[in-house]
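Below is one structure, written out as structure tokens; the observations come after it.
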Amino acid sequence: MADSALLTTADGRPLAQALAEAQGRARRRAFWLVVPLLLFVLVSFILPIGQMLHRSVHHDGFSANAPAVSAWFAANPPGTQPDEAAFAALAQDLRAMQANRTAGEAGTRVNYVLPESRSLFTKTARSAKDMTPPFKAALLAADPKWDDPRVWAAMRSSSSAYTADFYMVALDFERGPDGSLERVPENRQIYVYLFVKTFVLSGLITLICLLIGFPVAHLLATLPMARANLLMILVLLPFWTSLLVRTTSWMALLQGEGVINDLLVWIGVIAGDGRLRMINNQTGTIIVMTHILLPFMILPLYSVMRVIPPSYARAARSLGATSWTTFRRVYLPQTLPGIGAGSLLVFILAVGYYITPALVGGADGQLISNLIDFHMDKSNWSLAAALSAMLLVGVLILYWLYERLVGIDRLKLG
């Protein structure tokens, strides 16, 4: 050990020190090489997700435009009945909202918690400048709804810029008169249903893709290379065609007067007045999304199957195993990394698809992604962010389950 410690380089430096410096330089070079990629991931992935998560818990539409009544809520614990001071603070804020033209913004924030609240704010703000004490009587004369405990519970919930209200709404809950959580009426329960529907349909599409893609990938892996390459072109051909073109083509095929129904009527399978309804419903969504996502299942399966030695199956049969036993105990276990990769890829893509369900699904075939798109474009960015965050958490949970049950190290994408 003493002799090795005395080893030096040609310029007289200790060998251990020289090796450490060389490794440090190599690590620094490697780091600077990946800095552009890290910055790209940060700007295009991490920051948008962080902004989305922040938006899902932050909305100052009411707290910024109603500081007086927000201060009253901060000074009085939940359950306190609004007194004359509370109504005076509300009247003061309403006058300021009318002057700044922000009554609609404040009312919209409360409306997210308690529907039909926006009109209450805009209507009352227009008459707030003429109100005189006692303010409770003046506000009740403007609209008796100001005496509703649910309105004050919704305003208290909205008085903080940071809130979990949007997750509450995304789980089909609302605030009760005392501020407690209550399930919304059954005819308004939509978000949980759409989440369940999205995951069930995505799982079904993944299963169908697996059942269709497995034999196709096996055929590609066992054919001679020249024929396999020709068939692989057919598998890859959809990637060279616009998603919108493929979806609209399926619309022409599946509609009531479309190619498939016309063919079935012509060969006598169905009557002219009994055409199949295969579009603007869940059936259309499943058919078109299966076709679009099928290559994402075939390619990981093929990448695994093509390296499985055929001699394994021949050896199993020579030892007396049947074809089914050979497939089940020898071939199938070796394809599990491809099955896992393809299934994860198809499922994650399916839960986030919104163009295809929007075009061919109609009202019956919509998924949670379509509702997120609606809220982001026309309604409530914060609710859209909360729904997106919940969808992200659901996918991460499934990813974690796959890691626990199968092992992410066995996943192969190519």
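The values are calculated or read from the model by the stated rules, or taken from the named source; none is laboratory data. Note that the structure is predicted; figures quoted are calculated from it, not measured. Note: ideal-geometry Cβ built from the backbone for every residue, glycine included; neighbour counts use all protein chains shown. Heavy atoms of the whole protein, side chains included, go into the accessibility calculation; ligands, DNA and RNA do not. Shrake-Rupley method; radii C 1.70, N 1.55, O 1.52, S 1.80 Å.
A viscosity of 1.306 mPa s and a temperature of 10 °C, combined with the Kirkwood radius over Cα pairs in Stokes-Einstein, give a translational diffusion coefficient for the stretch 283-403 of 93 µm²/s. Note on the stretch 1-103: with charges restricted to the Cβ of Lys and Arg (+1) and Asp and Glu (-1), its dipole about the Cα centre is near 520 debye. Its Cα gyration tensor gives the stretch 191-410 an equivalent ellipsoid, and the semi-axes of that ellipsoid, as √(5λ) in whole Å with the largest first, are 34, 26, 15.
Taking +1 at the Cβ of each Lys and Arg and -1 at the Cβ of each Asp and Glu, which of Gly272, Thr290, Tyr302 sits farthest along the dipole of the stretch 191-410 towards its positive end, judged by Cα position relative to the Cα centre? Toward the positive end, the furthest listed residue is Tyr302. Per residue, the solvent-accessible area of the stretch 288-359 (1.4 Å probe, heavy atoms of protein chains only, all protein chains present) comes to 46 Å². Once you divide the Cα radius of gyration of the stretch 139-252 by 2.2 N^0.38 Å, the number left is 1.99. Working note: 222 nm ellipticity from helices only, DSSP H runs with n ≥ 4, each -39,500 (n - 2.57), summed and divided by the residues of the chain, gives -21000 deg cm²/dmol to the nearest 500. Mind pulling the angle between the C-alpha long axis of helix 84-100 and the longest principal axis of the chain? Nearest 10 degrees, somewhere in 0 to 90. Relative to the chain, helix 84-100 is tipped by roughly 70 degrees.
Each peptide in 132-138, 285-291 was scored by the mean count of other Cβ atoms within 10 Å over its residues; highest first, the order is 285-291, 132-138. Ignoring any ligand, DNA or RNA, what whole percent of the accessible area of the stretch 67-188 comes from carbon and sulfur when the probe is 1.4 angstrom? Of all accessible area on the stretch 67-188, carbon and sulfur atoms account for 54 percent. Computed extension gain for Leu396 through Leu39, at 0.36 nm per residue and net of the alpha carbon distance, reaches 126.2 nm. Counting only protein heavy atoms and a 1.4 Å probe, the stretch 67-188 has 49 square angstrom of accessible area per residue.
As a rough guide to protection, the peptides 170-182, 345-357 ranked by mean Cβ packing within 10 Å, highest first, stand as 345-357, 170-182.
Here the Karplus curve 6.51 cos²θ - 1.76 cosθ + 1.60, taken at θ = phi - 60°, turns the phi angles of the stretch 302-310 into couplings of 4, 4, 8, 5, 6, 9, 7, x, x Hz, with x standing for Gly and Pro. In a reduced charge model with +1 at each Lys and Arg Cβ and -1 at each Asp and Glu Cβ, the chain shows a dipole moment near 1400 debye about its Cα centre. Projecting the Cα atoms of Leu367, Ala350, Phe121 onto the dipole axis of the chain, where Lys and Arg carry +1 and Asp and Glu carry -1 at the beta carbon, places Ala350 farthest toward the positive end.
Across all directions, the average flat footprint of the convex hull enclosing the Cα atoms of the chain is 37.9 nm². Ligands, DNA and RNA left out, the 1.4 Å accessible surface of the stretch 204-306 is 70% carbon and sulfur atoms.
When the charge dipole of the chain is built from unit charges on Cβ atoms (+1 for Lys and Arg, -1 for Asp and Glu) and taken about the Cα centre, the candidate among Gly24, Ser242, Leu319 whose Cα reaches farthest toward its positive end is Leu319.
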